[in-house]
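Inspection log for the structure reproduced underneath, given as structure tokens.
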Amino acid sequence: MRLSDDALLDLVQRRTLEYFWGFGHPVSGMARERFAGGRDPQIHETVTTGGTGFGILAMIAGVERGFLPRDDLRRRLALIVEFLSAAPRHQGAFAHWLNGTTGATIAFSPKDDGGDIVETAFLMQGLLTARQWLGDDPISARIDALWRGVNWAAFCPDPARMMWHWTPRADWAEGLPITGYHEALIAFILGSASPTHPIPIAAYQTGWKTSATYRNGKRFYDIELPLGPDLGGPLFFSHYSFLGLDPRGLVEAGVDYFAQNRAHGLIHHAYAQSNPKGFKGYGPAWGLTACDGDTGYNAFSPQNDQGVIAPTAALSSMPYTPRESMAALRHYHEVLGPRLWGDFGFRDAFNESTDWVAESHLAIDQGPIVAMIENARSGLLWRLFMSAPEIGPGLARLGFARVGAGG
């Protein structure tokens, strides 16, 4: 019997959520970086800062859908906050990866082995949403202490730029200022909103917005793309910062961010229909993003197309492209079926041209599926995050306005 749309969305959210709930780290409560189809203890000891922020959002959606008990999530949040309160930080910022038992930093890359302000922003997006969801609760006060402890301004050693990483070996990782346009927008929003250590406005106006890949304005498949690289870049650009940040009615310098994200999704959909490289399966399957591939992890996009499709790309675009995303969801579930369906929902990615399906699930791909499907269905996470009293003034300080914003 064919499931209704609502029943299918329930199924996908519930099963995907289990990645964070059932597979969460038993000591820290944090999200493990990946499930790789085996039991490698080193892989499963690695927890992810940003992925945990995504997981917190997913678990809140799970409670509100009736998939998880509220008191159980409250206890999980208390465990996560206790772990983070004892973990090493640089100027209040967390490392990209941590050991889930000891809290010790695990290097993500040679230059990303200290404070990572973008991953910290993804985490804080989730924690602030949890603070709003919890209301008057002792855990909220502990979240607030973590939030207030992040020195966003310290990551702007030059007032006209924000640096992505701090490394204990070489201070600021040279060559890694955060310049737009991509997934890191939320770091500037939260940096501006900080009640204790706000960033200089120039870090956004000059450091982020003067990049050669910030403005676009060209048309692709007869769809105008306001921002970003040609053809939009990987689809996670439209997901990670917008799990909590509501793009509906969000406008700055003539750019409507909902229109930006919708254009990005529609361009990817049109690209898959045209399928210029002739990969098998494109059309019903669409959307290119960062994920595992048959030759390794990569940030796939129309300009870096190797035939690898990740279900998270189309599914996490559901608020922007509901018809196209729902069609992709039905194709993945009803046509590709059991081979693509794993312990935690859809496996990370597949390449029909090489007859390859990933064994893996990744936190940063799992979380946006649950969160963005929920935002498409109810707007829940957008409402909670935007209700934080710091966010409105932080947006206004950077020049953003809310025009006819969604509820």
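Every read-out reported here was derived from the displayed coordinates using simple, explicitly stated rules and does not represent laboratory data. The structure presented is a predicted model; accordingly, all values stated were derived computationally and were not measured. Don't worry about glycine lacking a Cβ; one is built from the backbone with ideal geometry, like all the others, and counts go over all protein chains shown.
222 nm [θ] for the chain, helices only, -39500 (n - 2.57) per DSSP H run of 4+, per residue, to 500?
Theoretical 222 nm ellipticity from helices: -12000 deg cm²/dmol.
Could you point to the label whose value was computed as P(r) over Cα pairs in 10 Å bins from 0, in percent for the structure here, given [x] 4, 17, 19, 17, 18, 15, 8, 2, 0; [y] 5, 24, 35, 27, 8, 0, 0; [z] 5, 22, 33, 27, 12, 2, 0?
Checking each listed value against the structure points to [y].
Semi-axes of the equivalent ellipsoid for segment 73-231, please: Cα gyration tensor eigenvalues, times 5, square-rooted, ordered largest first, whole Å.
Computed over segment 73-231, the values are 29, 19, 15 Å.
Once both labels are modelled 7 Å past Cα along the beta-carbon direction, what's the ARG148-MET1 spacing in nm?
5.4 nm
Evaluate the relative contact order of the chain (contact order divided by residue number), counting alpha-carbon pairs under 8 angstrom at least 6 apart; express in whole percent.
After rounding, I find 18 percent.
What does the C-alpha gyration tensor say about the overall shape of segment 224-329? Classify as rounded when a/c is under 1.5, otherwise prolate if a/b is larger than b/c, or oblate.
It comes out prolate by the Cα gyration axes.
Taking 0.36 nm per residue of separation and subtracting the Cα-Cα distance, what length does fully extending ALA396 through SER274 add?
Length gained between ALA396 and SER274: 39.9 nm.
What is the fewest-to-most order of VAL12, VAL118 by other Cβ atoms lying within 10 Å of their Cβ?
VAL12, VAL118
For ALA327 paired with LYS218, estimate the spin-label separation in nm (one decimal), with each label point 7 Å from Cα along the Cα-to-Cβ line.
Simple spin-label model gives 2.6 nm for this pair.
Just in segment 176-271: which GluC sites (Glu not before Pro) are loop by DSSP and have at most 13 other Cβ atoms within 10 Å?
Filter output for segment 176-271: empty list.
Return the distance in nm (one decimal) between the two label points of a simple spin-label model at ARG74 and VAL335, each offset 7 Å from Cα along Cα→Cβ.
4.6 nm
At most 14 other C-beta atoms within 10 Å and a DSSP loop state: those are the exposed trypsin sites (Lys or Arg not before Pro) I care about. Give me the longest piece of the chain that has none.
Within the chain, the longest run free of exposed trypsin sites (Lys or Arg not before Pro) spans 40-168.
What is the gain in length, in nm to one decimal, between ASP230 and LEU11 on full extension, counting 0.36 nm per residue of separation less the C-alpha to C-alpha distance?
75.3 nm
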